[in-house]
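Student: The structure follows.
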Protein chains: 4
Amino acid sequence: MALRVASVLAVASLICLAAAPVRSQAPAPQSRQAAIDELVTANHILANEGVLDGYGHVSIRSPQNRDHFLLASAGAPALVTAANIVEYDYDSKPADGSAAMGYLERFIHGELYRARPDVMAVVHCHCPEVLPFANTGVALRPMYHMSWFIGEGVPVFDNRTGFGITDMLISNAPLGKALAAALGNRSAALLRGHGAVVTAPSLHLVVGKAYYLNLNARLQYQAMQLAGGKVTYLDTAEARKAEQNYERSWDAWKAALPTGAPAGPR
Amino acid sequence: MALRVASVLAVASLICLAAAPVRSQAPAPQSRQAAIDELVTANHILANEGVLDGYGHVSIRSPQNRDHFLLASAGAPALVTAANIVEYDYDSKPADGSAAMGYLERFIHGELYRARPDVMAVVHCHCPEVLPFANTGVALRPMYHMSWFIGEGVPVFDNRTGFGITDMLISNAPLGKALAAALGNRSAALLRGHGAVVTAPSLHLVVGKAYYLNLNARLQYQAMQLAGGKVTYLDTAEARKAEQNYERSWDAWKAALPTGAPAGPR
Amino acid sequence: MALRVASVLAVASLICLAAAPVRSQAPAPQSRQAAIDELVTANHILANEGVLDGYGHVSIRSPQNRDHFLLASAGAPALVTAANIVEYDYDSKPADGSAAMGYLERFIHGELYRARPDVMAVVHCHCPEVLPFANTGVALRPMYHMSWFIGEGVPVFDNRTGFGITDMLISNAPLGKALAAALGNRSAALLRGHGAVVTAPSLHLVVGKAYYLNLNARLQYQAMQLAGGKVTYLDTAEARKAEQNYERSWDAWKAALPTGAPAGPR
Amino acid sequence: MALRVASVLAVASLICLAAAPVRSQAPAPQSRQAAIDELVTANHILANEGVLDGYGHVSIRSPQNRDHFLLASAGAPALVTAANIVEYDYDSKPADGSAAMGYLERFIHGELYRARPDVMAVVHCHCPEVLPFANTGVALRPMYHMSWFIGEGVPVFDNRTGFGITDMLISNAPLGKALAAALGNRSAALLRGHGAVVTAPSLHLVVGKAYYLNLNARLQYQAMQLAGGKVTYLDTAEARKAEQNYERSWDAWKAALPTGAPAGPR
């Protein structure tokens, strides 16, 4: 009898073990190394696709600690390696207590992660095509489903409002907090005389949004030139329904990365 | 005597066999594998030339069964391989009876092949340059002989007309049928807030038409900016006469494909 | 004595032989093979720089026979090899008397060489940026010294004038002769609904002129958008003085050609 | 005792030697070879990034002699090698007393170095995007922090003013001096019907300024089209504060250079 019970239990255990991956409720968090490697890839993709120039950056919230984020501390995005990635806290200080260091504008990331528990990835870019909109107050509107998130509205943040004459950078916590307040719940904001910030619930999404924010700007500019004010944009409800995940784009952009020495933006 | 007749017949047979390729009335249909391989090449060409982004697709009517078409079921066009190609019926279901799967918008292809017996290849793209036209109602017109087919007229299909607020995709049969009805007998239609579809009697032709639809849009935009309404387009009769076959373009684009890892669109 | 004279003569001969390259009055004509190889390179340069698409061509007057020209008979410019080059007469027939064959538009070349004894190289292109000018009658004007030759004036030829509804091609001698008459003594003419032709006294020059004709069109378009009619172009006398030879450009473009499989235009 | 003193001194010397790099007050001047190698790299970067075409050039003031500068004497920037670099004096004559030779426009460099003791590097380019501004008198204004130096004002120099009809080149000392006078203390000037000159206190800075001068022009053009006169540029004080050093850009551009045969501008 005991033998039979033991056999049954043994067989049941084997069945459970075999079925375990199917039964798991939530995926295990990405390992720190895997997260860092993907972040490096995202840097390279954004440089290769002309979204990030030598300056600008991309970060992710740490999978291991919600109150930290991972961001390169130095270097052009095209050249970032895993060794450049530093873990920061909400104050944009290295989480290991070492002296404050890194990109002057790491405060963009720190303050956005602090203000937005839903945000898991942030891009700061000088994407060229948005500058005409950032500097004229003409509102970005979604031209198509690939830039659906623009339907949320894209506010323009101007350092001058509240901070007077600056060097245009978001280089301290007060500026970062003001930017987060202006962004509110939305995906993206433009920075007058500077560029843009983009947020998303994942790294692949933030890369796709940054790319299509930039492309949408150029297409909207052309549409407005073609027909004055009479352009049909996505309706707000259409924009919400048209949400994309950009996974296929990520795969193609990753495969397009040059092997060996990275290529810069064109 | 019999020997002589037999000899004459034998010689005549040999002559006929040798001359057969010259004498054949219709070319043998392309083999399924050759068709699939060319379709994969077309995917890569359209990605490399910036016509297809990570999304969008190209298909061909099956050479073996007129009522079926071949289309990748997953993946960015730049990365499609022969293993991704699935054979579908007019209902955009896998022809082998397995469960429905594939691109959400395979219905574009299924309904166009159903409605258009003359169409042998279809492209669905988010070609950037056409979006300003798709969203303003400004009619595309043929700027030159390379985009001769635009002379047929390029209607604009809008999901909103008949279907209210959608996610902008052609993701079911009713939407696909409405699109086919709007397209009528023409080569191409624009999709408001989305992109375009292009049809042709062959794969090489559909690739060329998609490329030149996109380029024509940009050149027409520039011409209209240069001289307001006073642009001379191809006359309808000129457009009909100017029909191209794009074979030289196909050869050049194919030779331009990167070896090894495919390059994405720029 | 005889020995001394012989010695003197021998030494003199050696001196003359050594000095011969310096003393020659006119350079020996380029060998046929060298001319063909350079023509193939020109095809590849023009494709790689986006001046020629899969269609369009470049030719040179034969160094061995002024009444003949060398032109590829088939294939996209990116893929042309020495084996494709055919020698034609002014009637655009193969000079070796074989049956008429080659590009439909070889008559552009034949008639231009016939009409213009000064012309040693011809390009026919569908250079995109000139199309808005070709279709609007807005006159191309020289924006800078690199496109100095535009100061001669760039007439627009339209098949419709004299030939009614055509397929837009210059595909016979009468059309070619009419084009040559419209071009007159100038470097370049635009073809309404089609593209352009460019002529020059050398191959390197015609390649440079074609490239800068295309670029000048885009820059002039932008200048006109920026300031309406108030654009300062090169004065006719400045344009004449600003003549370039494009040798450094040729060297750079040649070095930029991809090794192995040719890259197509972007 | 003497032994102890000697020991202490020896140890102290070793400590000082070890600490020497940290203690040095001013960096040793760059070696001539290192300066030449970096200048060659700058040539290649500017060609690869589309700032310099086959013509145009970049120079540096000699680290070994303030009254001399280093500039290639021949060749397209994409193809310049160390062997092409010549050392010139303020009269744009080779400093070693050999016969005058080199680029026709070396006088741009000679006269700018003579007039501007602060300038350590000069670029002369035909950067396409500035031509519409150079030819219309529309003032370039800084769109963002990356082109902060435009806030100094960018004058337009026209050979015609004082020199009548010329070939548009700055090909002698009087023209070079007039250009230097027009430039004054600023970073950059446009040349009507020609291009631009850019100056900076270092090579990396002049490369960055030339790149962003060109990009700013295109973005400003688009902004002006979007909103007429109502564009917000950097305030003069913002521009001064926003000074960049472009080091990260230099690193990315250098890493992007093709290995082997150099790529030309696109």
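The values are calculated or read from the model by the stated rules, or taken from the named source; none is laboratory data. Remember, it's a predicted structure, so these values are computed and weren't measured experimentally. Quick reminder, even Gly has a Cβ in these numbers, built from the backbone with ideal geometry, and neighbours come from all protein chains shown.
Student: When only residues in the range A:173-196 that are away from chain D (no Cβ under 14 Å) and within 23 Å of D:W148 (Cα to Cα) count, which is nearest to the chain's Cα centre (by Cα)?
Tutor: Quick first cut of the range A:173-196, residues away from chain D (no Cβ under 14 Å) only: A:173-174, A:176-189.
Restricting the remaining residues to those that are within 23 Å of D:W148 (Cα to Cα) gives A:176, A:179, A:189.
Numbers: A:G176: 16, A:L179: 15, A:A189: 12 Å.
Filtering first and then ranking leaves A:A189.
Conditions tested, residue by residue: (1) over 27 Å from A:A47 (Cα atoms); (2) at pLDDT below 55.
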site: D:L3; (1), (2): yes, no
site: D:A19; (1), (2): yes, yes
site: D:A35; (1), (2): yes, no
site: D:D53; (1), (2): no, no
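Student: State all residues of the range A:209-225 that are hydroxyl-bearing (S, T, Y) and either over 21 Å from A:N245 (Cα atoms) or modelled with pLDDT under 95 (or both); if no residue qualifies, say none. Write out each step before concluding.
Tutor: At the first step, the residues of the range A:209-225 found to be hydroxyl-bearing (S, T, Y) are A:211-212, A:221.
Matches in the range A:209-225: A:Y221 only.
Student: Counting only residues that are farther than 22 Å from D:P201 by Cα and crowded, with 19+ Cβ neighbours inside 10 Å, how many does the range D:54-74 have?
Tutor: Adding up the residues that qualify gives 2.
Student: Residues being more than 11 Å from every other protein chain (Cβ to nearest Cβ) and in a helix (DSSP H, G or I): count how many of those fall in the range A:147-162. Working first, answer last.
Tutor: Looking only at the range A:147-162, we keep the residues that are more than 11 Å from every other protein chain (Cβ to nearest Cβ), and these are A:149-150, A:152-155, A:157, A:161-162.
When the remaining residues are screened for being in a helix (DSSP H, G or I), the result is A:149-150, A:152, A:161-162.
Looking only at that region, the number is 5.
Student: Could you list, in sequence order, the residues of the range D:212-255 that are touching a Ser or Thr at 6+ places or on another chain (Cβ under 9 Å), facing chain A (nearest Cβ under 7 Å) and among the polar types (S, T, N, Q)?
Tutor: D:T232
Student: Here is a follow-up. Could you list, in sequence order, all residues of the range C:79-101 that are part of a helix (DSSP H, G or I) and within 14 Å of chain B (Cβ to nearest Cβ)? Walk me through it before giving the result.
Tutor: Kept after step one, since they are part of a helix (DSSP H, G or I), are these residues of the range C:79-101: C:79, C:82-84.
Hits for the range C:79-101 are C:L79, C:N84.
Student: Say whether the condition of being surrounded by 22 or more Cβ atoms within 10 Å (Cβ to Cβ), basic (K, R) and under 17 Å from the mean Cα position of the chain (by Cα) is met by at least one residue in the range B:95-118.
Tutor: Yes: the range B:95-118 contains one or more residues that are surrounded by 22 or more Cβ atoms within 10 Å (Cβ to Cβ), basic (K, R) and under 17 Å from the mean Cα position of the chain (by Cα).
Student: Checking D:A99 against (1) under 20 Å from D:V198 (Cβ atoms); (2) without any contact (Cβ under 8 Å) to a residue 24 or more places away in the chain; (3) of a type in the set (G, A, S): exactly one of these is not met. Which one?
Tutor: (1)
Student: Being polar (S, T, N, Q) and surrounded by fewer than 18 Cβ atoms within 10 Å (Cβ to Cβ) narrows it down to one residue among A:N172, A:N159; which is it?
Tutor: On the way: A:N159 fails: surrounded by fewer than 18 Cβ atoms within 10 Å (Cβ to Cβ).
Answer to the selection: A:N172.
Student: Taking only the range A:36-78 into account, find how many residues are touching a Gly at 6+ places or on another chain (Cβ under 9 Å), outside any strand (DSSP E or B) and of a type in the set (A, V, I, L, M, F, W, C).
Tutor: 5
Student: Yes or no: B:L190 surrounded by 24 or more Cβ atoms within 10 Å (Cβ to Cβ) and in contact with a Pro (Cβ under 6 Å, 6 or more places away or on another chain)? It would help to see each step written out before you state the result.
Tutor: On the way: surrounded by 24 or more Cβ atoms within 10 Å (Cβ to Cβ): yes; in contact with a Pro (Cβ under 6 Å, 6 or more places away or on another chain): no.
Answer is no for this residue.
Student: Residue by residue through the range D:44-94, note down the ones that are on the phi > 0 side of the Ramachandran plot and touching a strand residue (DSSP E or B) at 6+ places or on another chain (Cβ under 8 Å).
Tutor: Of the range D:44-94, the ones on the phi > 0 side of the Ramachandran plot are D:50, D:56, D:75, D:92.
Correct list: D:G56 only.
Student: Hey, can you tell me all the residues within the range D:135-146 that are more than 19 Å from the chain's Cα centre (by Cα) and either within 7 Å of chain C (Cβ to nearest Cβ) or of a type in the set (A, V, I, L, M) (or both)? Don't jump to the end; show me each part of the working.
Tutor: The first filter runs over the range D:135-146 and keeps only residues more than 19 Å from the chain's Cα centre (by Cα), leaving D:135-139, D:141, D:143-144.
D:N135, D:T136, D:V138, D:A139, D:M143 - these are the residues of the range D:135-146 that are more than 19 Å from the chain's Cα centre (by Cα) and either within 7 Å of chain C (Cβ to nearest Cβ) or of a type in the set (A, V, I, L, M) (or both).
Student: Residue check, B:L104 against (1) hydrophobic (A, V, I, L, M, F, W, C); (2) assigned to a loop (DSSP other than H, G, I, E, B); (3) away from chain A (no Cβ under 14 Å), all met but one. Which one?
Tutor: The single condition B:L104 does not satisfy is (3).
Student: May I pose another question? For the range B:51-75, name all the residues that are of a type in the set (A, V, I, L, M, F, W, C), touching a residue at least 40 places away in the same chain (Cβ under 8 Å) and within 14 Å of chain A (Cβ to nearest Cβ). Write out each step before concluding.
Tutor: Filtering the range B:51-75 down to residues of a type in the set (A, V, I, L, M, F, W, C) leaves B:51-52, B:58, B:60, B:69-72, B:74.
Next, from what is left, pick out any that are touching a residue at least 40 places away in the same chain (Cβ under 8 Å): B:51-52, B:58, B:60, B:69.
The answer is B:V51, B:L52.
Student: Taking into account only those residues within the range A:112-146 that are assigned to a loop (DSSP other than H, G, I, E, B) and of a type in the set (D, E, K, R), which is farthest from A:L183 (Cα to Cα)? Quick ask: steps written out before the conclusion?
Tutor: Let us first name the residues in the range A:112-146 that are assigned to a loop (DSSP other than H, G, I, E, B), namely A:116-120, A:126-127, A:135-144.
When the remaining residues are screened for being of a type in the set (D, E, K, R), the result is A:116, A:118, A:141.
Details: A:R116: 10, A:D118: 13, A:R141: 16 Å.
Looking at the filtered set, the residue picked out is A:R141.
Student: May I pose another question? Within the range B:228-259, track down each residue that is touching a Phe, Trp or Tyr at 6+ places or on another chain (Cβ under 9 Å) and assigned to a helix (DSSP H, G or I).
Tutor: B:E238, B:A239, B:R240, B:K241, B:R248, B:S249, B:W253
Student: Looking at the structure I just gave you, is B:A200 crowded, with 21+ Cβ neighbours inside 10 Å, under 22 Å from C:A76 (Cα atoms) and facing chain C (nearest Cβ under 8 Å)?
Tutor: Working: crowded, with 21+ Cβ neighbours inside 10 Å: yes; under 22 Å from C:A76 (Cα atoms): yes; facing chain C (nearest Cβ under 8 Å): no.
Answer is no for this residue.
Student: With (1) of a type in the set (G, A, S); (2) closer than 23 Å to A:H44 by Cβ; (3) in contact with a Phe, Trp or Tyr (Cβ under 9 Å, 6 or more places away or on another chain) as the list, and A:A83 as the residue in question, which single condition is left unmet?
Tutor: Of (1) of a type in the set (G, A, S); (2) closer than 23 Å to A:H44 by Cβ; (3) in contact with a Phe, Trp or Tyr (Cβ under 9 Å, 6 or more places away or on another chain), only one is false for A:A83: (3).
Student: Restricting attention to the range B:38-82, which residues are over 16 Å from the mean Cα position of the chain (by Cα), closer than 15 Å to B:P94 by Cα and among the small types (G, A, S)?
Tutor: B:S73, B:A74
Student: Might you let me know whether the range A:213-229 holds any residue that is among the hydroxyl-bearing types (S, T, Y) and within 20 Å of the chain's Cα centre (by Cα)? Break it down stepwise before answering.
Tutor: In the first step, residues of the range A:213-229 are kept if they are among the hydroxyl-bearing types (S, T, Y); the result is A:221.
Narrowing further to those that are within 20 Å of the chain's Cα centre (by Cα): none.
Within the range A:213-229 (the criterion being among the hydroxyl-bearing types (S, T, Y) and within 20 Å of the chain's Cα centre (by Cα)), the answer is no, since none of the residues qualifies.
Student: Follow-up. What are the residues in the range D:163-213 that are within 22 Å of D:E38 (Cα to Cα) and in a loop (DSSP other than H, G, I, E, B), if any?
Tutor: Matches in the range D:163-213: D:S187, D:P201, D:S202.
Student: Since D:P155 meets every condition but one in (1) over 23 Å from D:A217 (Cα atoms); (2) without any contact (Cβ under 8 Å) to a residue 40 or more places away in the chain, which condition does it not meet?
Tutor: (1)
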